[in-house]
Amino acid sequence: MSGLFYITTPIYYVNARPHLGHAYTTITADVACRFHAMKSEETYFLTGTDEHGDKIERAARKEEMTPRAYVDKISRLFSDLWPELGISNDQFIRTTDPAHQKVVLQVLQRLYDAGDIYFSEYEGKYCFGCERFYADRELVDGKCPDHETEPEVIRESNYFFRMSKYQDWLIDHIEKNPDFIRPERYRNEALAFLREPLEDLCISRPKSRLQWGIPLPFDDNYVTYVWFDALLNYVSALGYPDGERFRKFWPHVQHVTAKDILKPHGIYWPIMLKAAGIPVYNHLNVHGYWNVGESKMSKSIGNVVEPLALKDVYGLDAFRFFLMRDMVFGLDSDFSEDALIRRINSDLANDLGNLFSRVLSMSHKYFGGVVPETDPDTEAELARLKTGDLRANAATAIDEFETAMDGFAFHKGLAAVWELISRMNKYIDVAAPWELAKNKAGKKELEAVMYQLLEGLRIVSGLIAPVMPDTARSMQKHLGLDPDQPFFRLSTLRQWGTLPPGTQLLRAPRLFPRIDVKKKNAPEEAAVTPEPDVPAIRPQITMEDLAKVDLRVATVVRAEAVPKARKLLKLEVDMGGETRTIISGISGSYAPEDLPGMQVIVVANLKPAKLMGILSSGMLLAAVDGKSVIVGTVEKPVRPGTPLT
Ligand SMILES: Nc1ncnc2c1ncn2[C@@H]1O[C@H](COP(=O)(O)OP(=O)(O)OP(=O)(O)O)[C@@H](O)[C@H]1O
Ligand SMILES: [Zn+2]
């Protein structure tokens, strides 16, 4: 463990107000930061705004403001939003900050002196919407792929950064450091890009065309264009080159971005760092897009969702939980309010909320709201007998959570916690405390059962803290713990038996009110269980009908995306004695790397069919709940090929 952690978000371009996409990236960084604090690391969290360029000049003109007044206004929309979303950033940087501009000048001058920046005339196809030149091969039918307009041919003299010189170095670096860009699909994308010769990067604009930028230190007729200005924020914020914070945190840096800026972060930035003699970052963590229907949520398209509006209706923690749980980090995800409501009702109101209030209510009923004594022998005996071993389940959940969160697989980290919650819910049903309470002889067992459940809740409350800090604090408070003490530390969570017997518990709260799907916008006050709509049961069949279907357990060996298909994955599964290819429409809910090793249930005698030109021999069983698809599996590992009867 390094003991230090530095995380950054992209600096957002201030030509429009923030939307859910920006909120997602920033919440992601916040969750990662809080998680590392749980590991007792010292953390530093940077976000900010990118404030130069002609899109901003134009946006300001449209509002009849000076660029300065305009960027002040929009930047404030971002900096004011973050506290509302529970973002714990240590610094908010603006590329118009004088200290930042000074660093940009220093680095540019150094690279110019070293011969890595040169002056050259350039003729090219320029898209004014994108503010960049396009190579012919990047155009679609001769048009800009984003704006669908034909770029104009313009001739210009400009300054260029000699990126080509560092191409081989970068390929080697990415190959030697498999986690440098993650998840893997983006590493592969970066490597694929580097298979083509890397062109030098145009880094300036003549002042005649753009004034709103940092003037080049070696030529006053030009201003810096985009990347040197923007990317250097990650070091200038730390007081590069001599700042104490730079020395301390830079060796531990991780960046987070969406895939739209993979190229600048995965290619330009490491090369800029290398050329400037600054150590290269540790990890670039890249996520996909929130889509609305078929399109990326984006301010240019105008299909944006306001994060504050959702937070105000559904509550901050529920909103943060939904974003972290529903998106597989790295893949695209469809946003819908219905999906958000489903998550709140099932995972939060039902699974977690009910568990918490059930356990607290029973503790009040049986022990007057005081944490009971317990003894290890009874606990061990219970685990052996019938009820399952919550202590072992909790240890597994913590390990899986830690591994997943370290690797930015937030959805998996939360799934591990919900697995523990589900085991605790089952534990109550099996242990049936209400039966034990009926006679005196059951007292010791009852105490042990309730103690384990309370201890399990303490652990759950700690594990959810990075994603749902307010709920975590509330749970801790109700468990009689001082929420200001470092109970969220992973090391404390690992110590089974930390909750002191004799602690006074508070009355059970309602952590998450169910949302009435019909009334939607208002969280409902009462009612606990009814589930959202499920399809009607189909007509009856006989045993003979059933016997026709051959269901087998199979183990996934390999999984990959099917090119050009949005929802399909190609799986190789081990059926015991034979390996089959199965195409399955689960890519919206699973990343290929999630699947190898997972045991699935396959309809083994389904007639093979071709999907996207690939023969699929069999079908995976899965629960389809709206847009989320959950693969059916077996409760314990079994031999591949085992039939289900
Ligand atoms: N749909 C989205 N899903 C996830 N993240 C997004 C989304 N849109 C924006 N972001 C976040 O914001 C960053 C880009 O910000 P930008 O200001 O360019 O937003 P935008 O709405 O995509 O703008 P534009 O429509 O002009 O491309 C991304 O790298 C990502 O961090
Ligand atoms: Zn364009």
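The values are calculated or read from the model by the stated rules, or taken from the named source; none is laboratory data. What you see is a predicted model, and the numbers here were worked out from it, not measured in a lab. When we count neighbours, we look across all protein chains shown, and the Cβ atoms used for this are built from the backbone with ideal geometry, even at glycine. To get the accessible areas, we keep the full protein, side chains included, count just its heavy atoms, and leave off ligands, DNA and RNA. Shrake-Rupley method; radii C 1.70, N 1.55, O 1.52, S 1.80 Å.
Observations, loosely collected:
- The stretch 543-644: C-alpha gyration tensor shape, a/c 1.5 cut-off, then a/b vs b/c: rounded
- The heavy atoms of K548 offer some 140 square angstrom of accessible surface to a 1.4 angstrom probe.
- Adding -39500 (n - 2.57) for every DSSP H run of four residues or longer, then dividing by how many residues the chain holds, sets the calculated 222 nm ellipticity at -11000 deg cm²/dmol.
- The slack in the chain from E150 to K426, taken as 0.36 nm per residue of separation less the alpha-carbon distance, amounts to 93.2 nm.
- Reach of K296 by Cα under 22 Å, taken over lysines that are not fewer than 8 positions away in the same chain: K55, K143, K259, K263, K311, K564, K567, K627
- Accessible-area ranking of S75, S164, largest first, probe 1.4 Å: S164, S75
- Around the amide H of N282, modelled in the peptide plane, lie the amide H atoms of V253, all under 5 Å away and 5 or more residues distant in sequence or on another chain.
- Shape analysis of the chain places it in the prolate category; the axes a ≥ b ≥ c from the Cα gyration tensor give an a/c of at least 1.5, with a/b above b/c.
- Of the residues S422, V104, A395, the one whose Cα sits farthest toward the positive end of the charge dipole of the chain, with +1 on the Cβ of Lys and Arg and -1 on the Cβ of Asp and Glu, is S422.
- Applied to the stretch 565-570, the Karplus parametrisation 6.51 cos²θ - 1.76 cosθ + 1.60 on θ = phi - 60° returns per-residue 3J(HN,Hα) values of 9, 6, 10, 9, 10, 9 Hz, with x for Gly and Pro.
- Simple spin-label estimate for R510 and A380 in nanometres, 7 Å along Cα-Cβ: 4.4 nm
- Scanning residues 5 or more positions from D332 or on other chains, those with amide H under 5 Å from its amide H are Y289, with H placed 1.01 Å from N in the peptide plane.
- Accessible surface area normalised per residue over the stretch 543-644 is 56 Å², counting heavy atoms of protein chains with a 1.4 Å rolling probe.
- Filtered GluC sites (Glu not before Pro), the stretch 67-143: DSSP coil and at most 16 other beta carbons within 10 Å: E131
- Axis of helix 354-367 versus longest Cα principal axis of the chain: the two differ by about 40°, to the nearest ten degrees.
- Karplus-based coupling profile of the stretch 577-592, in residue order and whole Hz: x, 9, 10, 10, 9, 10, 9, 9, x, 10, 5, x, 10, 10, 8, x, with θ = phi - 60° in 6.51 cos²θ - 1.76 cosθ + 1.60 and x standing for Gly or Pro.
- Prolate is the label for the stretch 1-75, because the ratio a/c of its alpha-carbon gyration tensor axes (a ≥ b ≥ c) is 1.5 or higher and a/b is greater than b/c.
- Each Cα pair under 8 Å and six or more residues apart adds its separation to the average, and for the chain the resulting relative contact order is 11 percent.
- Overall, the chain carries a charge dipole of about 940 debye about its Cα centre when +1 sits on the Cβ of Lys and Arg and -1 on the Cβ of Asp and Glu, all other atoms neutral.
- Amide hydrogen proximity for E42: with H placed 1.01 Å from N in the peptide plane, the residues at 5 or more positions away or on another chain lying under 5 Å are L4, F5.
- Farthest toward the positive end of the dipole of the chain, out of V556, S587, L360, is the Cα of L360, where the dipole comes from beta carbon charges about the Cα centre.
- Orientation-averaged projected area, Cα convex hull of the stretch 137-269 (nm²): 10.3 nm²
- Inter-part distance where the stretch 46-119 and the stretch 197-269 are each reduced to a Cα centre, Å: 11 Å
- Shape analysis of the stretch 336-493 based on the Cα gyration tensor places the equivalent ellipsoid semi-axes at 27, 17, 16 Å, largest first.
- Aspartates and glutamates with Cα under 15 Å of K636, excluding same-chain neighbours fewer than 8 positions away: D389, E419
- Estimated distance in nm for a label pair at K143 and D172, the labels positioned 7 Å out from Cα along Cα-to-Cβ: 4.4 nm
- Net lengthening on full extension, D242/E189 (0.36 nm per residue, minus Cα-Cα): 15.6 nm
- The largest accessible area among W418, W227 belongs to the first residue in W227, W418, and the rest follow in falling order (1.4 Å probe, all chains).
- Fully extending the segment from Q485 to A309, taken as 0.36 nm per residue of separation minus the present Cα-Cα distance, adds 60.1 nm.
- Measuring with a 1.4 angstrom probe and ignoring ligands and nucleic acids, E57 comes out at about 30 Å² accessible.
- Residues in the stretch 458-473 carry Karplus couplings, in order, of 4, 5, 4, 4, x, 5, 7, 4, x, 8, 10, x, 5, 5, 4, 5 Hz; the curve used is 6.51 cos²θ - 1.76 cosθ + 1.60 with θ = phi - 60°, and Gly or Pro positions show x.
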